[in-house]
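**Student:** After the structure tokens below, expect a handful of questions from me.
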Amino acid sequence: MKKCPTCQRSFDDSITYCLDDGTPLVSEATPDSEATLVNPSPAQSAGSSKLPQYTQMPGKATVSASQLNVPVMPSYRATPQTRRIWPWVVAGLAVFFLFAIMIIAAIAIPQIAKKSRNSNRPVVLETPLPSETSTPAPKESTSDTEAPTDEDIVLAQLTDLEKQWTQANINADKNALDRILAEEYSGGNPPHTKQQYIDELKPDATVKSWELQDLRVDLDGERATIDGYLRQETTRGTEVYSFTDEFVWRDGRWQATGSRTVRVK
């Protein structure tokens, strides 16, 4: 038999705890034996979950821990912390949008800049320099009465005429000289007339290249004087001539009335 040390009720050996207050039962001791009495703590109440205190009574009887059937507290494992995924998702989307914006900017900015340059590009009307202005063929001149009054224009016209004159001398182009020279032309040393000049003209195969340099014009109404230098590379070497040519505006074009040439090199 077992006995509740609290309420002193007796129970069958198959029962471990008191059916009234839940106190662990102990075996009933005989008068001759030494028993272990269970003295509940003064602060212990019937509904308390604290274990009772035990006092060892004189004798050899002991209470086995297995007889108390003390419930074992379950052990709990720490729940592993779940790694958050959403920060990585947000970071990936941010990187994707950043690259997309960079690609769009790389494509759009050059197009915008190109349109801006095209819209702001000034329209430039290129005017040829006076030296690049060619004099129209004398018979194609649009003016038959008035001579040019701008020295830059006259310089450009006479420069072109001097080039035609030099090339005609080298090639012996008599038709070109007939157009360039006025009827009263007189030049050379000794002086010769237009017809003498044309009759005595022969091709000059010794000239390899030539260039007009330092041309200056002096304009006086319908008359103009131009001077400068003619530099020629010939089979004999470099030859430089200083020349002064006189022109008159007649029949809507410039015509040569005289010339003087001196070799300086």
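The values are calculated or read from the model by the stated rules, or taken from the named source; none is laboratory data. Source: prediction; values computed, not measured. Note that we place each Cβ from the backbone using ideal geometry, even for glycine, and neighbour counts take in every protein chain shown. For accessibility, only protein heavy atoms count, side chains too; no ligands or nucleic acids. Shrake-Rupley method; radii C 1.70, N 1.55, O 1.52, S 1.80 Å.
**Student:** Sorted by packing (mean other beta-carbon atoms within 10 Å per residue), highest first, where do 246-258, 2-14, 173-185, 92-104 land?
**Tutor:** Details: 246-258: 19.8, 2-14: 13.9, 173-185: 16.2, 92-104: 10.0.
Averaged packing, sorted descending, gives the order 246-258, 173-185, 2-14, 92-104.
**Student:** Need the full-extension length gain, ARG216 to ARG250, defined as separation in residues times 0.36 nm minus the C-alpha distance. One decimal, nm.
**Tutor:** Stretched fully, the ARG216-ARG250 segment lengthens by 10.1 nm.
**Student:** Run the reach check for LYS208 against aspartates and glutamates, Cα to Cα strictly under 14 Å, same-chain hits fewer than 8 apart removed. What comes back?
**Tutor:** Partners within reach: GLU233, GLU239.
**Student:** Under a 5 Å amide H to amide H cut-off, with H placed in plane at 1.01 Å, what residues pair with ALA172 once short-range neighbours are removed?
**Tutor:** Close amide H contacts, sequence-distant or interchain: ASP204.
**Student:** Now a separate question. At 0.36 nm per residue, and after removing the present C-alpha to C-alpha distance, how many nm does the segment from LEU93 to THR261 gain when stretched out fully?
**Tutor:** This chain segment gains 51.7 nm when fully extended.
**Student:** Something else about it: Roughly to the nearest percent, how much of the accessible area of the range 164-265 is carbon and sulfur, given a 1.4 Å probe?
**Tutor:** The nonpolar share, carbon plus sulfur, comes to 43 percent.
**Student:** Shifting gears a bit: Convert each backbone phi in the range 214-221 into a coupling constant with the Karplus relation 6.51 cos²θ - 1.76 cosθ + 1.60 (shift: θ = phi - 60°), then list the ³J(HN,Hα) values in order as whole Hz, x for Gly and Pro.
**Tutor:** Ordered by residue, 3J(HN,Hα) equals 6, 7, 9, 10, 10, 9, 9, x Hz.
**Student:** Then there is this: Quick one: Karplus J couplings for the range 147-159, per residue in order, coefficients 6.51, -1.76, 1.60, θ = phi - 60°, nearest Hz, x for Gly and Pro?
**Tutor:** The phi angles translate into 7, x, 10, 8, 4, 5, 5, 5, 4, 5, 5, 6, 4 Hz.
**Student:** Given labels modelled 7 Å from the Cα in the Cβ direction, how far is it in nm from LEU19 to ASP199?
**Tutor:** Roughly 17.2 nm, to one decimal.
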